[in-house]
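K.L.:
I have a structure I would like to understand better, so I am pasting it below and will then ask my questions one at a time.
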Amino acid sequence: MEFAIFFIIVFFYSWELHAFPNWRKIFLLLSSYYFYSTLDLRFLPILILSPFLNFLLGLWLGTEKSVNNKKYILFFSVFCNLFLLGIFKYYNFFLENIQTFLQFTTSFFSNDVLQMQNNTNGFSVLNYEFKYAEWTLPLGISFFTFQGISYLVDIYRKELDYNNSVLDVLLYIAFFPHLVAGPIVKASEFIPQLKQKVDSQSIPLVSSFILICFGLAKKIIIANHIGTDFVDPIFENPMQYSSIEVLFAAYAYSVQIFCDFSAYSDMAIGFAALLGYQFPINFNQPYQATSLQDFWRRWHISLSQWLKIYLYQSLGGNKKGELKTYRNLFITMFLGGLWHGASWNFLIWGSLHGLGLGLERFIKNQFSFTLFTWSYLGKFLNLLKILFVFHFVTLTWIFFRAPSFDKSKEFLITLFSFLNFSQISEVNETAVFQIFNPFYFTLLTVGMGLHFINWNKIFIFYVQISENLKLKTSAIRILQSYPTLIFALFSAMVFTILTAFKTQGVAPFIYFRF
Amino acid sequence: MKRNNLNFNKDDSFKMIIAALLLSSFVNISSIYDWAYQKSNSNVMLNFSTIFQKINDWVTLTKINQLPIYLQSTVGQYKEQKFYFGSTSNLNDKSNPISDNRPIFDSDSGSDSDFDSRIPLKVTESNKAYILNAYSNAYSFLNIFLSTDNKTDVPFYKQNTSLNRYPSNFSTDKKQLSSISNSENNLSYLLLGDSILKSGVQMHLQSLIKSKNKNYTIDINSKSGTGLSRPDVYDWNQYLLNLKKTQNKNYQAIYVFLGTNDAQNLILDKKVIKFGTPDWQTEYSKRIQTFINSNCSLSKKTYWIGALKMRSVDFDSRLMVLNDIVKSLIQSAPQSCAEYVDVHDWFTQDLNFVEHWTLPGKDGEIKTVKIRADDGIHLSYWGSLLFSKKLIQRTSL
């Protein structure tokens, strides 16, 4: 509700200022800072200083003539961004692992050798104290750091002019629709939009509103219920449930994470469009993928593109031989997992995808002739591939979601205890379904069904309808004749339905954690 | 405002957005009121919530609020349905691990306050009982909604029970405990409550009680958004009446988790009785007493669990009023089976609301867990677990 009021005010004043582009951008920037400060005021200085530093580094990078120096400046700039991210996100993780490693080594050597002492706040080695940090992770730091790196690398590769106004750079990074959970928009795609004047006569109100409502519906109706009432209890204590229920929880999490994250992306795209800016789509029916490579072209497209362009290709991509390609794939996905969180679970998740991509490439290279021979099976083969990829991804989501490695182990043990299914009520005295019921089954089905509706075709049809008067339906005609009334009635209906589905405890957007 | 396409200029767009916001807010005024109420820590929001409360009271008595209530109840009802395997005769079979152990009603008269749509209830023309059914009641709802003789009670509840009246066979005199005997090994417990119970406590209480003795049975009836203030939403006294009539069960103990939704005005004879006024206190006390009497006729012991500490200072002070009423009622009748369990200061720090709690972990490490949901009202998964454990200890189960 607060966000609705905030956005209406921003919408009104930003369009009132459309004739004064710089003032408009200042207003949007201040609104974005206000938005961020309501989430966490403490880290607002980081949001201001980090893009400003990137702006200065971009200028330095652009004005430097020597190619070698440019490279060093780029490394330094990227290091500065990653250092900021690392300090907040990975400091404790690395310390924990160092402590674990040292504890492991003292089991072989006497403690006197290392003079290691553990305490609840850290540990000390050779009289040097390492303390765990207690600071909170700034919201969205993973996203705006990556956008800063995108800005610098695009300047280095001459895809973007270095001579940008500081206002454009600050707004590019801090723009509130995509600030805390993406999509990660490339600098070379967004900064040129900021330089152009916005068209106040043609605001895509209906399409943006539909996108926002769709996102809200996915979040409130599907993701929240599945997450808070079904997935969370089972992942917290998987051994209390039957293997069938745990299996459904795994499927449910696949649906939840898709609905949750794509909901946020849809809303970000919708809100940006209402303010006159275009974001790229971030999800393209990912569970319809027929291969892992295809999956990563459909899931979190902005992140996978970022990893491909700025990491995979920087490592050499597939241009340096097969072995190095597999290495690059693994490193990219490994670091992609690390980006999601400072935990071994995320590293395992990323590694599994890296290994999967490598294995897939290997099989394609080795057996492409055989596959071609079988291609006449057509749709059936496609379906098998889709099912296989979906189940592989669902399996890896277990590590992504489980609160710890131990819990992911428990989850897998319970999941594969289906062999004892007939004895389950005697073995652990749990009912087959303690939580799972027709309601969640319906949500699961609807959530998965969203993947099999071709929204692009529907959207193209809508565009044709709206542009060609001869094809106008009566609904479109009524909307054009009484737009305010129809729009208000539609909004009231949508809001009422969404309110009917609201849960007691609201699950925050999953990617807010990053 | 005719356009060639579905894009609009800034002025038209703004008008449309404002119109949409106003109409959506008006149709869903209850939700707006809830939102404003939860934010009522500041004076500005307190004033807003007072305004919304006045509008909400008016809208509650009109048809406008019925559509959101109907939809919310429909969703709530569908959410509570379970998968059942085999015949329905297994449903009360406590040895069947698939059974969810909830009381099942099979009423000849057609009057029933349970929401389970699987039950084949006979609807007779004479009492015009309307059964909540997510799939087939839409036409009935529209019919009543558009009819001219609609009373203020929400259409999909039994029309033979007028709003806020209780069956006359329930007296308000304090009843003596009935002597109830149970086999020690097959004790039954009943958990009744609102979303505080539903959103985690029931699951943990159930497993904790079962861990004492796997032969214990636990019946649960939890309905979000309900209480004793609004029987038009869910009639708890009628539920107990039916339970006594159809099951005639003797519980070892009943745990009651009601009150969190009761810090609101009452509706009596189409009039609104303001929260906290002497009339309100009298009427609410009457309802508590009736409810406790019903519980005592069904169980050896009734534990009324008071309201938790809330984040919103205003909401918390209202709930303390409720807590005081219930506490003094119960304590003034020591011979009654009821016992008030004061949990208001549980999991607080210096009597202040906290969202996190520290637990001892392995090897002396400290683990911090979130015990309250983001709304500052409900318990999180960990909160429910810790709360349930403490409750079991406190009630010496």
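K.L.:
Is it the case, given these coordinates, that residue A:248 is open to solvent by 20 Å² or more (accessible area, probe 1.4 Å), closer than 26 Å to residue B:20 by Cβ and of a type in the set (Phe, Trp, Tyr)?
P.N.:
Details: open to solvent by 20 Å² or more (accessible area, probe 1.4 Å): yes; closer than 26 Å to residue B:20 by Cβ: no; of a type in the set (Phe, Trp, Tyr): yes.
Answer is no for this residue.
K.L.:
Here's something else I'd like to know. Identify, please: which residue in the stretch A:35-86 is over 23 Å from the mean Cα position of the chain (by Cα) and hydroxyl-bearing (Ser, Thr, Tyr) and is, among those, farthest from residue A:140 (Cα to Cα)?
P.N.:
My answer is A:66.
K.L.:
Pull out all pairs, ordered by first then second residue, where Cβ-Cβ is under 8 Å, the residues are six or more apart or on different chains, the first lies in the stretch A:476-502 and is farther than 19 Å from residue A:211 by Cα and facing chain B (nearest Cβ under 7 Å), and the second is in a helix (DSSP H, G or I) and open to solvent by 30 Å² or more (accessible area, probe 1.4 Å).
P.N.:
From residues that are farther than 19 Å from residue A:211 by Cα and facing chain B (nearest Cβ under 7 Å), the pairs are A:500/B:71; A:500/B:72.
K.L.:
Take residue A:431 and tell me if it is open to solvent by less than 20 Å² (accessible area, probe 1.4 Å) and at pLDDT below 65.
P.N.:
Details: open to solvent by less than 20 Å² (accessible area, probe 1.4 Å): yes; at pLDDT below 65: yes.
Answer is yes for this residue.
K.L.:
Enumerate the pairs (first residue in the stretch B:8-25 and within 7 Å of chain A (Cβ to nearest Cβ) and free of Cβ contacts under 8 Å to residues at least 60 places away in the same chain; second residue anywhere and open to solvent by 30 Å² or more (accessible area, probe 1.4 Å) and of a type in the set (Asp, Glu)) with beta-carbon separation below 8 Å, excluding pairs fewer than 6 apart on the same chain, so at least 6 apart or on different chains.
P.N.:
Within 8 Å, the pairs are B:10/A:16.
K.L.:
So which residues in the stretch A:259-282 are buried (at least 21 other Cβ atoms within 10 Å of the Cβ), among the aromatic types (Phe, Trp, Tyr) and either touching a helix residue (DSSP H, G or I) at 6+ places or on another chain (Cβ under 6 Å) or free of Cβ contacts under 8 Å to residues at least 60 places away in the same chain (or both), if there are any at all?
P.N.:
A:261, A:271, A:279 - these are the residues of the stretch A:259-282 that are buried (at least 21 other Cβ atoms within 10 Å of the Cβ), among the aromatic types (Phe, Trp, Tyr) and either touching a helix residue (DSSP H, G or I) at 6+ places or on another chain (Cβ under 6 Å) or free of Cβ contacts under 8 Å to residues at least 60 places away in the same chain (or both).
K.L.:
Could I ask something else about it? Residues that are small (Gly, Ala, Ser), part of a helix (DSSP H, G or I) and open to solvent by less than 30 Å² (accessible area, probe 1.4 Å): does the stretch A:308-323 have at least one?
P.N.:
In the first step, residues of the stretch A:308-323 are kept if they are small (Gly, Ala, Ser); the result is A:314, A:316-317, A:321.
When the remaining residues are screened for being part of a helix (DSSP H, G or I), the result is A:314.
Okay, now just the ones that are also open to solvent by less than 30 Å² (accessible area, probe 1.4 Å), so none.
Checked the stretch A:308-323: no residue is small (Gly, Ala, Ser), part of a helix (DSSP H, G or I) and open to solvent by less than 30 Å² (accessible area, probe 1.4 Å).
K.L.:
Pick out the one residue from B:264, B:247, B:289, B:281 that is open to solvent by 10 Å² or more (accessible area, probe 1.4 Å) and over 20 Å from the mean Cα position of the chain (by Cα).
P.N.:
Working: B:264 fails: over 20 Å from the mean Cα position of the chain (by Cα); B:289 fails: over 20 Å from the mean Cα position of the chain (by Cα); B:281 fails: over 20 Å from the mean Cα position of the chain (by Cα).
Result: B:247 is the single residue among B:264, B:247, B:289, B:281 that is open to solvent by 10 Å² or more (accessible area, probe 1.4 Å) and over 20 Å from the mean Cα position of the chain (by Cα).
K.L.:
Looking at the stretch A:313-338 only, could you name the residues that are under 21 Å from the mean Cα position of the chain (by Cα) and either under 11 Å from residue A:353 (Cβ atoms) or among the basic types (Lys, Arg) (or both)?
P.N.:
A:329, A:330, A:332, A:333, A:334, A:336, A:337
K.L.:
Just the residues that are surrounded by 14 or more Cβ atoms within 10 Å (Cβ to Cβ) and at pLDDT 75 or above, please, taken from the stretch A:443-457.
P.N.:
A:443, A:444, A:446, A:447, A:448, A:450
K.L.:
So residue A:314 clears everything in (1) modelled with pLDDT under 90; (2) closer than 15 Å to residue A:396 by Cα; (3) hydroxyl-bearing (Ser, Thr, Tyr) except one condition, right? Which one?
P.N.:
Residue A:314 satisfies all of (1) modelled with pLDDT under 90; (2) closer than 15 Å to residue A:396 by Cα; (3) hydroxyl-bearing (Ser, Thr, Tyr) except (2).
K.L.:
Regarding residue A:400, is this residue at pLDDT 60 or above and in contact with a helix residue (DSSP H, G or I) (Cβ under 7 Å, 6 or more places away or on another chain)?
P.N.:
yes
K.L.:
Enumerate the pairs (first residue in the stretch A:385-404 and touching a residue at least 60 places away in the same chain (Cβ under 8 Å) and open to solvent by less than 40 Å² (accessible area, probe 1.4 Å); second residue anywhere and part of a helix (DSSP H, G or I) and charged (D, E, K, R)) with beta-carbon separation below 8 Å, excluding pairs fewer than 6 apart on the same chain, so at least 6 apart or on different chains.
P.N.:
Sorted first by the residue in the stretch A:385-404, then by its partner, the pairs are A:389/A:294.
K.L.:
Could you count how many residues in the stretch B:201-242 are open to solvent by less than 30 Å² (accessible area, probe 1.4 Å) and either among the small types (Gly, Ala, Ser) or not in a loop (DSSP other than H, G, I, E, B) (or both)?
P.N.:
Residues that pass the stated criteria total 18.
K.L.:
Counting only residues that are loosely packed, with under 14 Cβ neighbours inside 10 Å and among the charged types (D, E, K, R), how many does the stretch A:9-66 have?
P.N.:
Residues meeting the conditions: 2.
K.L.:
Go through the stretch B:1-51 residue by residue and tally those that are closer than 21 Å to residue A:12 by Cβ and either at pLDDT 70 or above or in contact with an Asp or Glu (Cβ under 9 Å, 6 or more places away or on another chain) (or both).
P.N.:
Residues flagged as closer than 21 Å to residue A:12 by Cβ and either at pLDDT 70 or above or in contact with an Asp or Glu (Cβ under 9 Å, 6 or more places away or on another chain) (or both) within the stretch B:1-51 amount to 24.
K.L.:
Can you name the residue in the stretch B:345-377 that is closer than 26 Å to residue B:212 by Cα and assigned to a loop (DSSP other than H, G, I, E, B) and is also modelled with the lowest pLDDT among such residues?
P.N.:
Within the stretch B:345-377, the match that is modelled with the lowest pLDDT is B:361.
The values are calculated or read from the model by the stated rules, or taken from the named source; none is laboratory data. These numbers come from a predicted model, not from an experiment. Don't worry about glycine lacking a Cβ; one is built from the backbone with ideal geometry, like all the others, and counts go over all protein chains shown. Keep in mind that these areas ignore ligands, DNA and RNA; they rest on the heavy atoms of the full protein, side chains included. Shrake-Rupley method; radii C 1.70, N 1.55, O 1.52, S 1.80 Å.
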